[in-house]
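Colleague: Have a look at the structure that comes next, please.
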Amino acid sequence: MSKVALVTGGTRGIGEAISRGLKDAGYTVAATFAGNVEKAEAFKAETGIHVYKWDVSHPDECEAGIAQVESELGPVDVLVNNAGITRDGMFHKMDFDQWRAVLSTNLDSMFTMTKPVINGMRGRGAGRIINISSINGQKGQMGQTNYSAAKAGVIGFTKALAQENAFKGITVNAICPGYIATDMVAAMPEKVLESIVSGIPVGRLGHPEEIAQSVVYLASDAAAFVTGSVLTINGGQYIANG
């Protein structure tokens, strides 16, 4: 029986590439989505990947959704915490709703999604948790105090959880993508996009598949000795220490 991988925000953008990559690697994949039913159903029809709708910022929805996934597909062996949103704005103009929405979806989801699967992984003595952070969680970004704070929190969460669960055969790692060629990035004004690319030493945007293949590696048995790590994938735009 193939291992089960659960990918949040797994029907679009980087999450879609991760879902496809894990399926191609032989996993049974469940992909969550928050709102676009039409897109999710089209993705399911094309790929055969199971899709589930719930809000990762709501503990009760996560608990019920994960219970449904495990009932239908089996215990979650690999959890990819990928779902995220932005509500950009300069901090002096930002309201609390903008702050709270991003922290709830991008950081609270580390708890709401991981808590329902961690005890099962510990009991089985195996598991992979892969958290998608961001270059802006490492270096910060003007107009994204909320997003940068949340994604920096993901890194801290990853490192702490890795230490707690290494002896149980569970690895916990984070990936920090730079600017990736998704629909969201492609929708930026041309001049803004040109400015971003000019600051990337390799001279291009990243491909979603490059993030996906890193997830596939971290999910594999070959990465059993990799835990608590932060993998920076940004074309040299920001080079982190250690």
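Any read-out appearing in this document is the output of simple, stated calculations on the displayed coordinates, not a laboratory observation. What you see is a predicted model; the values in this text were computed from it and never measured. Cβ placement follows ideal geometry from the backbone for every residue including glycine, while neighbour counts extend to all protein chains displayed.
Colleague: Would you give the gap between the C-alpha center of the stretch 125-173 and the C-alpha center of the stretch 34-89, rounded to a whole Å?
Modeller: The stretch 125-173 and the stretch 34-89 have Cα centres spaced 19 Å from each other.
Colleague: Also, I was wondering about something else. May I ask for the angle, rounded to the nearest 10°, between helix 37-47 and the longest principal axis of the chain, with both axes built from Cα atoms and the value confined to 0 to 90°?
Modeller: 60
Colleague: Between SER19, SER109, SER229, find the one with the highest GNM mean-square fluctuation for the chain; connect C-alpha pairs within less than 10 Å.
Modeller: Highest fluctuation of the listed residues: SER229.
Colleague: Grab the alpha carbons of the stretch 1-89, take their convex hull, and tell me the volume per residue in Å³.
Modeller: That works out to 94 Å³ per residue.
Colleague: What lysines sit close enough to LYS168 to cross-link, taking a C-alpha to C-alpha distance under 22 Å and skipping anything fewer than 8 places away on the same chain?
Modeller: Straight-distance partners of LYS168: LYS3, LYS115, LYS159.
Colleague: Then there is this: Could you work out the local net charge near TRP99, counting Lys and Arg as +1, Asp and Glu as -1, over the other residues with Cβ closer than 15 Å to its Cβ?
Modeller: 0
Colleague: Could you work out the mean projected area of the convex hull around the alpha carbons of the chain, in square nanometres to one decimal?
Modeller: Spelled out: convex hull of the Cα atoms, projected over all directions, averaged, 13.1 nm².
Colleague: Once the piece of chain linking GLU63 and ARG204 is laid out straight, how much longer is it, given 0.36 nm per residue of separation minus the C-alpha distance between them?
Modeller: 46.8 nm
Colleague: Treating the angle as unsigned and between 0 and 90°, give the value, to the nearest 10°, between the Cα long axis of helix 59-73 and the longest Cα principal axis of the chain.
Modeller: 50
Colleague: Going highest first, how would you order 56-63, 169-176, 183-190, 68-75 by mean Cβ packing within 10 Å?
Modeller: The peptides rank, most packed first, as 169-176, 56-63, 68-75, 183-190.
Colleague: Using packing as a proxy for protection, rank 31-39, 143-151 so that the peptide with the highest average count of other Cβ atoms within 10 Å comes first.
Modeller: 143-151, 31-39
Colleague: For the chain, modelled as a Gaussian network with Cα springs under 10 Å, which listed residue fluctuates most, ALA222, ALA212, ALA162?
Modeller: Among ALA222, ALA212, ALA162, the largest mean-square fluctuation in the Gaussian network model of the chain belongs to ALA222.
Colleague: Moving on. Rounded to the nearest 500, what is the 222 nm mean residue ellipticity of the chain from helices alone, with -39500 (n - 2.57) per DSSP H run of 4+ residues and division by all residues?
Modeller: One gets -14000 deg cm²/dmol as the mean residue ellipticity at 222 nm.
Colleague: A follow-up question, please. List the aspartates and glutamates whose Cα sits under 18 Å from the Cα of LYS39, skipping any in the same chain fewer than 8 residues away.
Modeller: GLU16, ASP55, ASP183
Colleague: Quick one: if you stick a label point 7 Å off each Cα along the C-beta vector at MET142 and ALA224, how many nm between them?
Modeller: 4.9
Colleague: Pairing the Cα long axis of helix 145-165 with the longest principal axis of the chain, what angle in degrees results, from 0 to 90 and rounded to the nearest 10?
Modeller: 30
Colleague: Any chance you could run the full-extension gain for ASN119 through LYS39? It's 0.36 nm times the residue separation minus the Cα-Cα distance, nm to one decimal.
Modeller: Taking ASN119 through LYS39 to full extension adds about 25.5 nm, to one decimal.
Colleague: Among GLY137, GLY84, GLY199, whose mean-square fluctuation peaks in a Gaussian network model of the chain (Cα, cutoff 10 Å)?
Modeller: Residue with maximal mean-square fluctuation among GLY137, GLY84, GLY199: GLY199.
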